[in-house]
Amino acid sequence: MGPVTKKILVVEDDSTTAEYVAKGLGQNGYVVDVAADGRDGLFHATDGNYAAIVLDRMLPGMDGLSVLSAIRAAGIETPVIVLSALGSTDERVKGLKSGSDDYLAKPFAFSELLARVEALQRRGALAAQPLATKLACADLTMDLLARRVERGGKRVDLQPREFRLLELLLRNKGQVVTRTMMLEEVWDYHFDPGTNVIDVHISRLRKKIDDGSGIPLLHTVRGAGYMLSDTA
Amino acid sequence: MALISLAFSLVIILPVLLFVYHQTDRLYEERIRDRVQDGERDMLFAYASGGLPALVDSIDDVIGTGAMRGGVVLVVDPNGHKIAGNLAGWPPILRTPTDWVELRLYREGQTGAELFAIRTVGLRNGERLLLGTAIEEREHMRAALLEALLAALLLAIPLGLVGGWIVLKVTERRARAIGNVAGRIAAGDFSHRLAAEKETDEFAILARAINAMLERIEELVEQLRLVTDSLAHDLRSPLTRISANLERAATTSADIQQQALEAVSLDVERMLRLISATLEISSTEAGTGRQHFEQFDLADLLRDICEIYTPVAEERGMAITLDEPEPVTYFGNRQSIGRAVANLVDNALKYGGGSISLGAADHGDRVELWVADRGAGIPSEQREHALVRYRRLEEARTTEGSGLGLALARAVARLHGGDIELLDNQPGLRAVMTLRRGPDNLSSL
C-alpha cells in the first residue's frame, strides 16, 4: 500500500469475525485496532486518526448506527463501512442514510470488504482534490466533459454504461473493483446478479480498450473482481 | 361439569316455577274478587230497586242460604249502627269507599279471627255497605302450590345431574378424540386428521378448523424440511470439493496450489451466494422492505435489466427483446423488484431458449411484468413446484444455480400483494409477475 501505514478501526463484538477482518487487513498492510463494543468504538473513533472504520451494525452497549451518528455529530469525517447480519438490501439504505459511506451484508467475502475499504480511501483522496475532468491509465485517457475515450491516441466508442464502467475502474485505478460494486455504481442495483453477467460486460469493455494494444490494462483478479492497471 | 350444567338448569327452571306460582296466585285472587263484586252488584241492585229493606232482605237471604259462605257482609246507617249483616259492627279503621283491603275480622258466631279481602261502598242515603270474602283459603292454596313447585324442583335436580353427566360424557368423548389427534401430532406424526363429519355442530366446525390448521402446519414443516435438506445437499458438494482442493493444495507444487485455492475461493463464493439468497427470501417473506418503497418507472427498470442481461444472452446465442412499454409509475421496492425480474431473466437464460421477451402492462389496480422464453418450458404439473423454495426441478439439478431464483421472485411479488404465475408460452415458459397497487400506492400518486 502507500508509503504511510494506514490505520483501520474495526468495531465488531464477534471476536471470530473481528479477528478474521483484522488479520486480512493486516496482511494487506494496514494497522488494525479492534473495539469490541459501541462505546469503546466511539472512544477510539474520536481519538485516533483512522483511514477508515469498519463498523458492525449490531453491537452491545451502543448500537452501530448510534455510534455512527455520534461520530458524524462530532464532526469526524472518517469513511465508515457498516457491516450487518440483517442481510437485505433495505438495511443498506438505512445504513447509508445514517451517514455511512458504504454497507456490506454478512456473510461477505473478505476480498469484497478489502476492495470497498480501498475504494473508500480513494474516494476520500479524490474528494480532497479539485474535480478531475480527465482520467488516465497508461495510454488510456478519458475526457469526462467531452465524454471521449482514447487508447493510444485512437478513439474508442463506448456505450453510456460502458463509459461509466470504465470511469469507475479508472477512478479506482490500481485497485480491485468487485462485481457487486460495479452493479451498484453503474446500474444502481444492489443485488448479486448471479451468473457471469458482469464478466460479460467486462469482456466487451476489454475487447474495446485492450484489443490491438500491446499491454493489457483491464485485469481479472481471481476471486475478487477486476482492476485497471498498467502493471500486470 | 355436571354441577355447572345443574346450576344452569336451575337458573332456567327457577324463574319458570316462580312465574307459574305468581300467575296461579293472581288468577285465584281475581276469581275471589269477582265473587265479591258479583254479590255487591246484586245488593246494589236490590237497594236501587227496593231501598234499604230490599237490601236487608238480600243480605239476610245471602246469610241464611249460606250463599255467602266464608264471606262477610254488613250494612250500617249513616251513624255507623248496624242494620244487617254477619259482623258485630263497622271496623273503625275502614273508610268508605275502600277498594280492597285485607283485614282480620271476627264473624258473628265464629271464635277466631279470619283474614278477609274487603270492599266498602257508600249508599245513596248515607248508609254504608261492606262486603268481603275469606282468603284463608288462598293461603292454603299458596302453600299447596309452593309444595308442588318444590317437588318439581327436587325432581329437576337429579334429572339435571343425569342430563349434565350425559352431556359431559359426550363432550368428553369428542374432546378426547381431538386431544388424541393433537397428541399424535405433538409426537411428530403430522398425517392425522380429525373425523370431520358433514354435520354443522360445534365439534364438526372445530374439527374442520383444526384440520385446516394441521394442513398448514404440515405444509410448513414439509417446506422447512425441504429447505434444510436442500440447503444441506447444496452445501455438501462445494464443501466436498473444497476439502479435496485443500488436500491438493497441501501436498503439491505452487502452481497446483494456486489452482486449488482459486477453486476453493469459487466454491466459498458459491456458498455465500446461496446463504445470502436464503436470508433474503426469509426477510422478504417476513415483509421487511415495505418501509423502503419508492416511486419509480417499471419501464425504466425493465430497460435496465434488459441492458444488463443482453450481452449475456448474446454470448449464449439468445436475444432479449423488450416490448417497449409506456412509462408505468409504481410505488414499491425498486431493488427487490429489480432483483426479481433479474432472477426471472436469469432463469430464462439458463433453462429457457430462443428469444426472451420482457414487458409490462398497467391494469390500474395492478401491474403485470412478464418474462417469456421459447425454450422447453415447464410441464404444467411441475410449475407450482418450481415456485417453492429449493424445489428445483430434477432436470435442473444438474445446472449451475441455487434454485432459489423463482422462490425469491415470488416472495418479492407477494411483498407487493401479488404473485407469480408460470404460464405456457406455446412453446416456452411465460412467467408473469403481478404487483398490486394498494392504498399505500394510491395515496402516493
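How high is the relative contact order of the range A:113-232? Use alpha-carbon pairs under 8 Å, at least six apart in sequence, and give a whole percent.
Relative contact order, the range A:113-232: 25 percent.
Which ordering of B:45, B:331 is given by a fewest-first count of other beta-carbon atoms within 10 Å? Walk me through the intermediate numbers first.
Working: B:45 13, B:331 19.
Taking fewest neighbouring Cβ atoms as first place, the list is B:45, B:331.
What fraction of the Cα pairs in the range A:120-232, stated in percent, has a spacing above 19 angstrom?
Above the 19 Å cut-off, the range A:120-232 has 43 percent of its Cα pairs.
Kindly provide the trypsin sites (Lys or Arg not before Pro) of the range B:22-94 that DSSP labels as loop, not H, G, I, E or B, and whose Cβ sees at most 14 other Cβ atoms within 10 Å.
Of the trypsin sites (Lys or Arg not before Pro), the ones in loops of the range B:22-94 whose Cβ has at most 14 other Cβ atoms within 10 Å are B:69.
Computed over the Cα atoms of the range B:138-240, what is the ratio Rg over Rh, Rh following Kirkwood?
Over the Cα atoms of the range B:138-240, Rg/Rh equals 1.47.
Efficiency by 1/(1 + (r/R0)^6): what FRET value for residue B:258 and residue B:182, r their Cβ-Cβ distance, R0 = 51 Å, to the nearest 0.05?
That pair, residue B:258 with residue B:182, gives E of 0.30.
Would you calculate the convex hull of the Cα atoms in the range A:136-191 and tell me its volume per residue in Å³?
Roughly 75 Å³ of hull volume per residue.
What does the structure give for B:333-341 when I average, per residue, the other chain Cβ atoms found within 10 Å of the residue Cβ?
Taking the mean over all residues of the peptide, I get 4.
Residue by residue through B:264-275, how many Cβ atoms from other chains fall within 10 Å of the Cβ on average?
3
Cut-off is 10 Å between beta-carbons; in what order do B:162, B:345, A:177, A:34 appear when sorted fewest neighbours first?
B:162, A:34, A:177, B:345
Would you work out the relative contact order for the range B:2-140, in percent, from Cα pairs under 8 angstrom that are 6 or more residues apart?
19
Give me the three principal axis extents of the protein assembly as shown from the C-alpha atoms, as integers in angstrom, largest value leading.
157, 59, 54
Take the range B:291-442, drop everything but the C-alpha atoms, weight them equally and run the Debye formula without solvent; then report log10 I(q)/I(0) at 0.18 Å⁻¹ to two decimals.
-1.05
Based on the Cα coordinates of the range B:2-140, what is the per residue volume of their convex hull in Å³? Show your work: numbers first, answer last.
Values: hull volume 17.9 nm³, N = 139.
Dividing the Cα hull volume of the range B:2-140 by its residues yields 129 Å³.
Using only helices, what value at 222 nm comes out for chain B when you add -39,500 (n - 2.57) per DSSP H run of length 4 or more and divide by the total residues, to the nearest 500 deg cm²/dmol?
Details: 9 runs with 255 residues, N = 445.
Taken over chain B, the calculation gives -20500 deg cm²/dmol.
Please report the projected area of chain A's Cα convex hull averaged over all directions, in nm².
Working: hull surface 51.8 nm².
Dividing the Cα hull surface by four gives the mean projection, 13.0 nm².
State, to one decimal in nm, how far the label point of residue B:414 lies from the label point of residue B:41, with both points 7 Å from Cα in the Cβ direction.
Using points 7 Å along Cα→Cβ, the separation is 8.4 nm.
Using only Cα atoms, figure out Rg for the range B:109-148 and give it as a multiple of 2.2 N^0.38 Å.
1.70
Mean Kyte-Doolittle hydropathy of -0.5 or higher plus an axial Cα length of 24 Å or more: which whole DSSP H helices in chain B meet both?
The answer, listed by residue number, is B:2-65, B:136-186, B:202-251, B:254-285, B:298-315, B:334-351.
I need two numbers for chain B: Rg to one decimal and Dmax as a whole number, Cα atoms only, in Å.
Using the Cα atoms of chain B, the pair Rg, Dmax is 48.9, 153 Å.
Compute the long axis of helix A:15-27 from its Cα atoms, compare it with the longest principal axis of the Cα atoms of chain A, and write down the angle in degrees, 0 to 90, nearest 10.
40
With a Förster radius of 56 Å, plug the Cβ-Cβ distance of residue A:73 and residue B:355 into 1/(1 + (r/R0)^6) and report the FRET value to the nearest 0.05. Each step should come with its number before you reach the end.
Values: r = 55 Å, r/R0 = 0.98.
Once rounded, the FRET efficiency stands at 0.55.
Using DSSP to define loop residues, name the GluC sites (Glu not before Pro) in the range B:177-283 whose beta-carbon has at most 16 other beta-carbon atoms within 10 Å.
Answer by residue number: B:197, B:199.
As a footprinting exposure proxy, order B:220, A:120 by other Cβ within 10 Å, with the fewest listed first. Numbers along the way, then the final one.
Details: B:220 11, A:120 19.
So the residues, fewest neighbours to most, are B:220, A:120.
Give me the angle, in degrees from 0 to 90, between the Cα long axis of helix A:64-73 and the longest principal axis of the Cα atoms of chain A, rounded to the nearest 10.
80
Where a number appears in this text, it was derived from the coordinates with a stated rule and is not lab data. Since the model is a prediction, treat every value here as computed from it, not as a measurement. Note that we place each Cβ from the backbone using ideal geometry, even for glycine, and neighbour counts take in every protein chain shown.
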